[in-house]
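**Q** Questions regarding the structure given below will be posed in turn.
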Amino acid sequence: MEKKKWFGLILFSLVIGAVIGILEVIFGKTLLLVTEWRLTYFSYLIFFLPFVGLLIEFLYTKFGGKSRQGMGLIFAVGHGEENEIPLRLIPIVMVSTWLTHLFGGSAGREGVAVQIGGTLSHKLGTGKLRKYLPEENLSQITLITGMAAGFAGLFQTPMGAILFALEVLVVGKLQMTALLSATIASFTASFISSFLELEKFSFFVESQLEMTLPLIGKLIVIGIAFGLVGRLFSFGLAKSKAWIGELIPNQYTRIFLGGILVAILIVVLHHGRYAGLGSNLISASFEGNSIYTYDFLLKLLLTIMTLAIGFQGGEVTPLFAIGASLGVILAPILGLPIEVAAAIGYIAVFGSATNTFLAPVIIGGEVFGYHLLPVFFIAMSVAYSCNFNQSIYGKQKILK
């Protein structure tokens, strides 16, 4: 690589990390604000969910174009199947996700973060700035750089974000050509996000576990459980999207009728307990508040329903919530500390559903403490092996 273009890549990564970090703060803080509004006025807002669904569908039909593919488009560009991601994806996915959360849909946010980062970085890096950047693998490098920055800017887990962006496109292959730029952009975005005081979830697990054969056996069992639940989520999401698309081909009818059903279930099932990100379930899991044996399953089903009918958001935070709440239930059965089992579930269901291994292990260290890395590594190894390459990302490729 020419020295001039090497410096150009470093400068680009710094700038793109800062800009994406600011965008993620805007997105994240607005999402927190609309969540507060939903909690305050839930009984009124939830019944507008199907009508908001019509508005979201109109935005994508009228203005979205290829943006409708969402994460699918990000993966298509990463694999060289598409060349461009329209910038209009950013405002459309942000607004539609805010609306989904404001009116009570059960969805996440990471898909939006990754789409924002990947879109902006790829657009700028392959546009007029390309003459200052290395030519080899430029499209993929800029995309991965933005994906890492987007994830880090929202979750403030920069190392996990780097590994997620490097490993998620192709299972079994790390896109190491983007390592330098992804690292710079990820840490920059995370720093900006923290400096601008975007809320970050972290919980230091104080339990110190001695690695014994009985503990390894327990980690294997709990890893199997989390791996199968992650597979259930990704399999259920894919099948539900296909099934409901065949059952109700008209997109407006699908999101309106589906919105009515989701709204009714969200109200009937503990009056909004399963609306939004699932942060309430995560907090309850680690703060000793009530967790029901069926929380993980209802959150799983309602998130699948919300996303399958056309509402926007992501899957990762709900996956964190599903795993953590299931961990609380499994802990006493296996004789594990509750906070340890919840932490394992937090990362392992996510890793299983996204078909990633390194990222969830490191995210566990960044969120819960690095002393648990051996525990996370063993449990995640099992969970990863139990998903049988099923992923929430339909265009994720498997290295053979």
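The values are calculated or read from the model by the stated rules, or taken from the named source; none is laboratory data. Note that this is a predicted model, so its numbers are computed, not measured. Cβ placement follows ideal geometry from the backbone for every residue including glycine, while neighbour counts extend to all protein chains displayed. For the accessible areas, the whole protein counts, side chains as well, though only heavy atoms, and no ligand, DNA or RNA atoms are used. Shrake-Rupley method; radii C 1.70, N 1.55, O 1.52, S 1.80 Å.
**Q** Among the candidates 365, 394, single out the residue that is open to solvent by less than 10 Å² (accessible area, probe 1.4 Å) and either under 21 Å from residue 298 (Cα atoms) or in contact with a helix residue (DSSP H, G or I) (Cβ under 7 Å, 6 or more places away or on another chain) (or both).
**A** Numbers: 394 fails: open to solvent by less than 10 Å² (accessible area, probe 1.4 Å).
Only one candidate qualifies: 365.
**Q** Cβ contacts < 8 Å: first residue closer than 9 Å to residue 324 by Cβ and without any contact (Cβ under 8 Å) to a residue 60 or more places away in the chain, restricted to region 281-295; second residue open to solvent by less than 20 Å² (accessible area, probe 1.4 Å) and among the acidic types (Asp, Glu), any location; separation 6+ or different chain. Result?
**A** 281/295
**Q** Restricting attention to region 328-343, which residues are buried (at least 20 other Cβ atoms within 10 Å of the Cβ), of a type in the set (Gly, Ala, Ser) and closer than 12 Å to residue 218 by Cβ?
**A** Within region 328-343, 331, 341 qualify.
**Q** So, in region 71-115, how many residues would count as being closer than 26 Å to residue 265 by Cβ, part of a loop (DSSP other than H, G, I, E, B), open to solvent by 10 Å² or more (accessible area, probe 1.4 Å) and out of contact with any Lys or Arg (no Cβ under 8 Å at 6 or more places or on another chain)?
**A** 1
**Q** Another question about this same structure. For region 58-70, what are the residues that are buried (at least 16 other Cβ atoms within 10 Å of the Cβ) and not basic (Lys, Arg)?
**A** Of everything in region 58-70, those that are buried (at least 16 other Cβ atoms within 10 Å of the Cβ) and not basic (Lys, Arg) turn out to be 59, 60, 64, 67, 69, 70.
**Q** In region 85-108, how many are out of contact with any helix residue (DSSP H, G or I) (no Cβ under 6 Å at 6 or more places or on another chain) and touching a residue at least 40 places away in the same chain (Cβ under 8 Å)?
**A** 1
**Q** Name the single residue, out of those in region 192-205 being farther than 23 Å from residue 375 by Cα and either in contact with a Leu (Cβ under 7 Å, 6 or more places away or on another chain) or outside any loop (DSSP other than H, G, I, E, B) (or both), that is most open to solvent (accessible area, probe 1.4 Å).
**A** Only one residue tops the list, namely 195.
**Q** While we're here: Contact list please: Cβ distance under 9 Å, first residue in region 47-61 and under 9 Å from residue 103 (Cβ atoms), second residue surrounded by fewer than 22 Cβ atoms within 10 Å (Cβ to Cβ) and among the hydroxyl-bearing types (Ser, Thr, Tyr), pairs at least six apart or on different chains.
**A** 53/252
**Q** Turning to a different aspect of this structure: Got a number for residues in region 370-391 being at pLDDT 95 or above, touching a Phe, Trp or Tyr at 6+ places or on another chain (Cβ under 7 Å) and either surrounded by fewer than 18 Cβ atoms within 10 Å (Cβ to Cβ) or not small (Gly, Ala, Ser) (or both)?
**A** Total meeting the criteria: 2.
**Q** Does region 316-333 include one or more residues that are outside any helix (DSSP H, G or I) and of a type outside the set (A, V, I, L, M, F, W, C)? Spell out how you get there, then give the answer.
**A** First pass over region 316-333, keeping only residues outside any helix (DSSP H, G or I): none.
Taking every residue of region 316-333 in turn, none turns out to be outside any helix (DSSP H, G or I) and of a type outside the set (A, V, I, L, M, F, W, C).
**Q** Can I ask one more? Just one of 23, 55, 45, 32 is open to solvent by 10 Å² or more (accessible area, probe 1.4 Å), out of contact with any Lys or Arg (no Cβ under 9 Å at 6 or more places or on another chain), farther than 21 Å from residue 152 by Cβ and in a helix (DSSP H, G or I); which is it?
**A** Values: 23 fails: farther than 21 Å from residue 152 by Cβ; 45 fails: out of contact with any Lys or Arg (no Cβ under 9 Å at 6 or more places or on another chain); 32 fails: farther than 21 Å from residue 152 by Cβ.
From the options 23, 55, 45, 32, the qualifying one is 55.
**Q** Identify all residues within region 163-191 that are open to solvent by less than 10 Å² (accessible area, probe 1.4 Å) and either of a type in the set (Lys, Arg) or assigned to a helix (DSSP H, G or I) (or both); write none if there are none.
**A** Matches in region 163-191: 164, 165, 166, 178, 181, 182, 185, 186, 189.
Listed here are the residues, each with its yes/no results for (1) surrounded by fewer than 17 Cβ atoms within 10 Å (Cβ to Cβ); (2) without any contact (Cβ under 8 Å) to a residue 40 or more places away in the chain.
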position	(1), (2)
239	yes, yes
245	yes, yes
248	yes, yes
254	no, no
261	yes, no
264	yes, yes
268	yes, yes
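**Q** Please verify whether region 272-282 includes one or more residues that are on the phi > 0 side of the Ramachandran plot, surrounded by 20 or more Cβ atoms within 10 Å (Cβ to Cβ), modelled with pLDDT of 95 or more and of a type in the set (Gly, Ala, Ser).
**A** yes
**Q** I've got another one for you. Is it fair to say residue 143 is over 30 Å from residue 272 (Cα atoms), touching a residue at least 24 places away in the same chain (Cβ under 8 Å), open to solvent by less than 50 Å² (accessible area, probe 1.4 Å) and touching a Ser or Thr at 6+ places or on another chain (Cβ under 9 Å)?
**A** Numbers: over 30 Å from residue 272 (Cα atoms): yes; touching a residue at least 24 places away in the same chain (Cβ under 8 Å): yes; open to solvent by less than 50 Å² (accessible area, probe 1.4 Å): yes; touching a Ser or Thr at 6+ places or on another chain (Cβ under 9 Å): yes.
Against the criterion (over 30 Å from residue 272 (Cα atoms), touching a residue at least 24 places away in the same chain (Cβ under 8 Å), open to solvent by less than 50 Å² (accessible area, probe 1.4 Å) and touching a Ser or Thr at 6+ places or on another chain (Cβ under 9 Å)), residue 143 qualifies.
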